There are 4 protein chains.
Amino acid sequence: MNKIGIIGASGYSGLELLRLLAPRKDIEISFVTSSTYKERKVCEIYPSLASIYPDLKFTGFDAATCNLADLVFVALPHGISMEIIGNIDLNKTKVIDLSGDFRLPADVYEKWYENDHKAKDLIDKAVYGISEFERNKIKDAVLVSNPGCYPTSVILGLTPLLKEEVIETEVIVNSLSGVSGAGRTPSAAAHYCQIENNISAYKVGGVHQHIPEIEIGLLKSSGQKVGVSFTPHLAPMARGIYSTIYVHPKKGIMAKDLHNALEKHYENEIFVTVLPLNSVPQVKSVTGTNFCHLGVALDPRSNVGTIFSCIDNLGKGAAGQAIQNMNLMLDLDEDFGLVSAGLYP
Amino acid sequence: MNKIGIIGASGYSGLELLRLLAPRKDIEISFVTSSTYKERKVCEIYPSLASIYPDLKFTGFDAATCNLADLVFVALPHGISMEIIGNIDLNKTKVIDLSGDFRLPADVYEKWYENDHKAKDLIDKAVYGISEFERNKIKDAVLVSNPGCYPTSVILGLTPLLKEEVIETEVIVNSLSGVSGAGRTPSAAAHYCQIENNISAYKVGGVHQHIPEIEIGLLKSSGQKVGVSFTPHLAPMARGIYSTIYVHPKKGIMAKDLHNALEKHYENEIFVTVLPLNSVPQVKSVTGTNFCHLGVALDPRSNVGTIFSCIDNLGKGAAGQAIQNMNLMLDLDEDFGLVSAGLYP
Amino acid sequence: MNKIGIIGASGYSGLELLRLLAPRKDIEISFVTSSTYKERKVCEIYPSLASIYPDLKFTGFDAATCNLADLVFVALPHGISMEIIGNIDLNKTKVIDLSGDFRLPADVYEKWYENDHKAKDLIDKAVYGISEFERNKIKDAVLVSNPGCYPTSVILGLTPLLKEEVIETEVIVNSLSGVSGAGRTPSAAAHYCQIENNISAYKVGGVHQHIPEIEIGLLKSSGQKVGVSFTPHLAPMARGIYSTIYVHPKKGIMAKDLHNALEKHYENEIFVTVLPLNSVPQVKSVTGTNFCHLGVALDPRSNVGTIFSCIDNLGKGAAGQAIQNMNLMLDLDEDFGLVSAGLYP
Amino acid sequence: MNKIGIIGASGYSGLELLRLLAPRKDIEISFVTSSTYKERKVCEIYPSLASIYPDLKFTGFDAATCNLADLVFVALPHGISMEIIGNIDLNKTKVIDLSGDFRLPADVYEKWYENDHKAKDLIDKAVYGISEFERNKIKDAVLVSNPGCYPTSVILGLTPLLKEEVIETEVIVNSLSGVSGAGRTPSAAAHYCQIENNISAYKVGGVHQHIPEIEIGLLKSSGQKVGVSFTPHLAPMARGIYSTIYVHPKKGIMAKDLHNALEKHYENEIFVTVLPLNSVPQVKSVTGTNFCHLGVALDPRSNVGTIFSCIDNLGKGAAGQAIQNMNLMLDLDEDFGLVSAGLYP
């Protein structure tokens, strides 16, 4: 029985971890922490857990208790995460961090997050955990930095094309996100009346902190230096990332070559599904799951290729991939507890 | 390995059966039929299944093949279901029917469904399958008539109160349903532009065919003859039933007596959760699950009691309860494969 | 040119007043106040006004400036409204108050709002403004207390039936509200992820402050003392009230008698539309408008009648009715600027 | 009093025309035709019109009656529109066609619409009616071809930048549309359960028939030959177009230069609002209106510019612009009856 803790469990990623772990009999939830809801029952905050965890309570963070767990997920906001993880003895307890704190080199982090980095020595220990590309490193890691939702969608969509050198290295990424990506904290931007029947771009002009994560992630996964123009939008969905990625195929490359590159690299991957050429993915196909659905098309008039990449931001974009990584780190079947169909309708 | 077939698998209930059975290793899907999509891949119609059932194809119905399965779900429209089931050898293959064809006595059926009944001899064999109340009969049944979504929500909410004789037997039921309850067939009534930001009652004036099912179901479960006024409404949700049930407590009965009655009857039931007094359930707590969440309040000024009953119409209201019944019929753990938290957010 | 001010203009009711007044050339917006957004452009907060009011700015409240207007709308939260209105010279400036502060007798107010009343002397001056029933008093009023959204829907639905004495005086009201009814302030309860695909009752057990307003309003409009059991629910809509009202017809009363009562009383009312018997209204038919749509049905088995009443909570339930009342108070055509069709699709 | 007819009035564009014309006293609706709903009341099909047009009935099409109107809107599907318009005497009755039948040269039409053109002689008579750019021609026209929704959003967003020669002429357009853009006919693609919480691209690979319309429209409006890569997506909204247009600024061009170009060209346009630099539009700001909101940003790292263009597909993208054109053709104030704020919340 593996003992698992969740630090910062009252946010949506923490909730999704609990939801995904609920049916598992090989896992024991040792503790879930929340500074805001300490001592309160989890199901008071999240009644969706009332039937599964009727008695589970949030506790405060305590490094000693923490080290009784085999592995902890840290689902805290960036900036706070690094401080907490610095207090955990990684020789005793493995850590998967869902924040942005260990995804970038210190200098890049400090520039894009406009925040001092307070645990620089840990950055080198952290494995950037796109499970499909870093399996072996993840198995041996004591600290996994779980990738961001937008980067996961883009890196999975582009890596095979870059590795096969079928596209130029300047790409334009138009991404749509469900509102849960902005977290659970009430705000004018997340108000139902603001989101429903609405679309709006945000952080325009190349300022989103996922831009360097995408570029560095692609360099790691493909060996290629890519220039990314990235524009995120909020869409009226609770969950989901839909990235439409515009690429320029290299000379002589046809639609089927793009498609073949994706198929070749993912034919043995359970969580990445490549749809037939000219088929497009849709968000609800992956809602609640750890799957990534990919589609490809090419406009012969403009010679612009489009890669469509679709994930659940809380699934493959956060808690799902975190559990996939946990399975690797605990030497379990990588897909254990994660094989489920999208919630449609 | 139990062999399972699904007849009429291209509707939402069929899809939900496949979704819920997807992670199970003790089940083999022997066949899924669809007259409309015969020979086509299931995942072409439902891309949410593309990663799980990439090669599964719809077949046509064939009684001989059918009897190679241990159990079949019939998820056909009412009227058609009875004709198909008449062709199945129930000594070889157990059947769970999700239609309304075997839920009522023949004369009541013919009146409310305005349709001749063509398999009257099977009605007596069919066990009306609210799992919590008919466990033993279901275990021995060859034909289970799976209850309707509205009736499940109401019967679970009222049975303990009637058994304990704490309420009068005239009740008013105000129910809201998600759109998937009306099925997958395109219609003006199910058009996105009709449903979003909208509410509308339908089948008003006491004509919905679930009215006799509720009354007869309550008579079976509680021994009491109840008069039901029932008004269904469509709400802008994909899934969910929210029933607000207005009751008149008997003389001297307090709020806590109503609450106690529910708690007493459901304390050992895994799939029925009674919330604290004056807490109300919400749809998303049960989305995608087989749970029923119940709440109770009493207005002391008017002395009207309110029972709130919330299920997923495709979960406890259809495919979830069908699988719970399957587990019983196949002598498996009743909750096997069904313990999952609601998809929130 | 009538000079109009809006105090507390940054909430949804204030916004809706601006939206409805935008096309009018007979009105001059003298000022709009907001303590939160003082000095800021209105269109920074509400970009939906950017093309119409590009330069309008919020100011602070100032009694002297206030009295330069012919009429002011007060769209402040209850409790605050009464304090502000106490500072306005009603001989110079007429006031329409959209809060709950002047709708109830002082003692009833203090009990249900759990708040001291600080302007008791003004309560008697205030006319409770269901326009259809109090036209003449409204024309002469200096202070109109604009009715609440739920009460408007219920009072319009029941008054003719009570006046005609075709129903008993105990009624059950099941109401659904869009989220804008809870205001613009961010909260966990108004978060997109909480509201979408969800339904939940709230303030159950007879504690909503609109209960006495409904009962007193019905007494005023019909002369009958009515006992109301009222249960509000939040539905996934930005706007709209859908009230399903359960009534017991008096002996011998048929469905058509209920329908006739409504038709008779509203045949000359432009803003109340009675649908054919057994037709039901829907929210989107009245979205963005000042209309109330009413439907009637009767279940002959249970002899329970259902009145369906549908309004836009920001329209006939707030700003729309306020402008209808303004038209009356300024001696304009009552329907001026208010005749528009519901925003469908 | 201008007499107006609407041919094909039962679709969403026809409905929106009726909604926008409802408050006008200078217009008489002479007839509304529908082959499907002939003889039925309009408000039976669209209860949102019940309070405004309680008695208006659909008729069949009749060329003679048609010519009693001063102007008719034709809101029929493409292919059918051209046949009907061929029967109208344009010397007696002006026509605004909302279909795609007269927007393209015959050969281009036949290729992209895969349909023979049956009224080629009328194509040259038709003025492509982006009101802002073709005002004078529209005033004198007997036949206006009302632009498509996507093209309107893109042409308004790009024309000033092309005229000022601040961008290269290869552009990438990522557009999102509300579901009403696909029309009122029920389909699996428009089912509520398919659309809600979902996003999907469609007609990928450069095959959407609006591509040549955008390119030809831009050539007309700016004199420049532009290559367009266009990918449309369906979003969970009833209404709205959100186009994110990726452009390459010419050497030395800064963000403010792009912004200045837009401001300069639209400073006197009532229906096109340019937001401050780095501000982005949102759909709900223009819902129900004839406005177009434009935003601009530039990512200095990638040197990719983004133009955000937002309209209501039924407003400026169809019926709104059609009425703006009608006002021009009837020599009325261009903005008459069209100045209204977006329906927010």
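Helix A:255-266 versus the longest principal axis of chain A: what is the Cα-based angle in degrees, 0 to 90, to the nearest 10?
Roughly 30 degrees between the two axes.
Report the relative contact order of chain C, percent, no decimals, based on alpha-carbon pairs under 8 angstrom and at least 6 residues apart.
It comes to 17 percent, rounded to a whole number.
Along the three principal axes, how long is segment D:150-312 when you take its alpha carbons, biggest first, rounded to the nearest angstrom?
49, 32, 31
Count the DSSP beta bridges whose two residues both fall in chain A, then state the antiparallel fraction as a percent rounded to the nearest 5. Spell out each step's value before the answer.
On the way: 25 of 58 bridges.
Just about 45 percent of them are antiparallel.
From the label point of C:A188, set 7 Å from Cα along Cα→Cβ, how far away are the matching label points in the other copies, in nm, ordered shortest to longest?
2.3, 4.1, 4.4
Set Lys and Arg Cβ to +1 and Asp and Glu Cβ to -1, take the dipole of segment A:1-122 about its Cα centre, and tell me which of A:A64, A:L17, A:I80 lies farthest positive.
The one lying farthest along the dipole's positive direction is A:L17.
Report the net charge of residues surrounding C:T93, where surrounding means a beta-carbon distance below 11 angstrom and charges are Lys +1, Arg +1, Asp -1, Glu -1.
Values: positive: C:K3, C:K92, C:K94; negative: C:D70, C:D89.
Its environment carries a net charge of +1.
Where both residues lie in the protein assembly as shown, what percent of DSSP beta bridges are antiparallel, nearest 5?
45 percent
Just how large is the dipole of segment B:2-128 about the Cα centre, in debye to the nearest 20, putting +1 at every Lys and Arg Cβ and -1 at every Asp and Glu Cβ?
400 debye
Search the structure for amide H atoms under 5 Å from the amide H of D:V296, placed 1.01 Å from N in the peptide plane, and list their residues when 5 or more places away or on another chain.
Correct list: D:N278, D:S279, D:F308.
What percentage of the solvent-accessible surface of segment B:150-312, computed with a 1.4 Å probe over protein heavy atoms, is contributed by carbon and sulfur atoms? Walk me through the intermediate numbers first.
Details: 2340 of 4580 Å².
With neighbouring chains kept in place, the figure for segment B:150-312 is 51 percent.
Tell me the distances, shortest first, between D:K220 and the same position across the other copies, using label points 7 Å along Cα→Cβ, in nm to one decimal.
5.2, 5.7, 6.6
Ignoring ligands, DNA and RNA and using a 1.4 Å probe, state the total buried accessible area between C and B in Å², rounded to the nearest 100.
3800 Å²
By how many degrees, 0 to 90 and rounded to 10, does the Cα axis of helix B:12-21 deviate from the longest principal axis of chain B?
80 degrees
With a Förster radius of 22 Å, plug the Cβ-Cβ distance of C:E83 and C:A189 into 1/(1 + (r/R0)^6) and report the FRET value to the nearest 0.05.
0.25
How far apart, in nanometres, would the label points at A:K250 and A:E267 be if each is projected 7 angstrom from Cα along the Cα-to-Cβ direction?
Reported label-point gap for A:K250 and A:E267 is 2.1 nm.
Would you mind pulling out the separation of the Cα centroids of segment A:1-21 and segment D:1-48, in Å?
Each part reduced to its Cα centre gives a spacing of 56 Å.
To the nearest 20 debye, what is the magnitude of the charge dipole of chain A about its Cα centre, counting +1 on the Cβ of each Lys and Arg and -1 on the Cβ of each Asp and Glu?
Dipole size: approximately 420 debye.
Plugging the Kirkwood radius over Cα pairs into Stokes-Einstein for the protein assembly as shown, at a temperature of 25 °C and a viscosity of 0.890 mPa s, what D comes out in µm²/s?
Calculated translational D: 75 µm²/s.
Please work out the C-alpha center-to-center distance from segment D:324-345 to segment D:163-201 and express it in whole Å.
For segment D:324-345 versus segment D:163-201, the Cα centre distance is 25 Å.
For C:E110, place a label point 7 Å from Cα along the Cα-to-Cβ direction in every copy; what are the distances to the other copies, in nm, shortest first?
Those separations, rounded to one decimal, come out as 6.3, 6.8, 8.6 nm.
Taking beta carbons within 10 Å but only from partner chains, what does the mean come to for residues C:171-180?
5
Please state the relative contact order of segment A:131-244 as a whole percent: Cα pairs under 8 Å, 6+ residues apart?
42 percent
When only C-alpha pairs under 8 Å and at least 6 residues apart count, what is the relative contact order of segment D:103-154, in percent?
32 percent
Calculate the mean, over all residues of peptide C:226-239, of how many other protein chain Cβ atoms lie within 10 angstrom of the residue's Cβ.
That works out to 6 on average.
Only bridges with both residues in segment D:261-345 count here: give the DSSP antiparallel percent, nearest 5.
75 percent
Kindly provide log₁₀ I(q)/I(0) values, in the same order as q = 0.10, 0.13 Å⁻¹, from the Debye equation applied to equal alpha-carbon scatterers of chain A.
Debye output, listed in q order: -0.57, -0.98.
Calculate for chain D the 222 nm mean residue ellipticity that helices alone would give, adding -39,500 (n - 2.57) per DSSP H run of length 4 or more and normalising by residue count, nearest 500 deg cm²/dmol.
Calculated at 222 nm, the ellipticity per residue is -7500 deg cm²/dmol.
Determine the shielding of peptide D:6-16 by partner chains: average, over its residues, the number of Cβ atoms on other chains within 10 angstrom of each Cβ. Working shown, then result.
Working: counts 0, 0, 0, 0, 0, 0, 3, 0, 0, 3, 4.
Shielding by partners across D:6-16 averages 1.
In segment A:202-216, which residues become less accessible by 20 Å² or more once every protein chain is in place, relative to the chain on its own, using a 1.4 Å probe?
By number: A:V204, A:G205, A:G206, A:E215.
Suppose every K and R has +1 on its Cβ and every D and E has -1 on its Cβ; what is the size of the dipole of segment A:150-312 about the Cα centre, in Debye to the nearest 20?
Approximately 160 debye in magnitude.
Describe numerically, in nm with one decimal, the distance between label points set 7 Å from Cα along Cα→Cβ at A:D335 and at C:K111.
In this crude label model, A:D335 to C:K111 measures out at 6.5 nm.
Through the Karplus equation 6.51 cos²θ - 1.76 cosθ + 1.60, θ set to phi - 60°, convert the phi angles of segment A:107-124 into ³J(HN,Hα) values in whole Hz; use x for Gly and Pro.
Whole-Hz 3J(HN,Hα) from phi for segment A:107-124: 5, 5, 3, 5, 6, 7, 8, 6, 7, 5, 9, 10, 9, 4, 5, 7, 4, 5.
Search the structure for amide H atoms under 5 Å from the amide H of D:T93, placed 1.01 Å from N in the peptide plane, and list their residues when 5 or more places away or on another chain.
Amide H to amide H, under 5 Å and 5 or more residues apart or across chains, D:T93 pairs with nothing.
Set Lys and Arg Cβ to +1 and Asp and Glu Cβ to -1, take the dipole of segment C:150-312 about its Cα centre, and tell me which of C:I241, C:V272, C:L219 lies farthest positive.
In segment C:150-312, that residue is C:I241.
In straight Cα distance, which lysines are under 20 Å from B:K250, not counting same-chain residues fewer than 8 positions off?
B:K163, B:K225, B:K264
Once amide H atoms are built 1.01 Å from N in the peptide plane, which residues 5 or more positions from D:Y128, or in another chain, come under 5 Å H to H?
Under 5 Å from the amide H of D:Y128 lie the amide H atoms of D:S145, each far enough along the sequence or on another chain.
Could you rank the peptides C:195-204, B:202-211 by their average count of other C-beta atoms within 10 Å per residue, with the highest value first?
So the peptides C:195-204, B:202-211, ranked by packing, come out C:195-204, B:202-211.
Pop out the carbon and sulfur fraction of the accessible area of segment C:2-128 as a percent, whole number, probe 1.4 Å. Intermediate values should be presented prior to the final figure.
Working: 2450 of 5330 Å².
Percent of accessible area from carbon and sulfur atoms in segment C:2-128: 46.
On a 0 to 90° scale, report how tilted helix C:131-140 is relative to the longest principal axis of chain C, with both axes built from alpha carbons and the result rounded to the nearest 10.
40 degrees
The values are calculated or read from the model by the stated rules, or taken from the named source; none is laboratory data. None of the values given here were measured: they were computed from a predicted structure. Reconstructed Cβ throughout: ideal geometry from the backbone, glycine too, with neighbour counts over all protein chains shown. Each accessible area value is taken on the protein alone, full model and side chains, heavy atoms only, with ligands, DNA and RNA left out. Shrake-Rupley method; radii C 1.70, N 1.55, O 1.52, S 1.80 Å.
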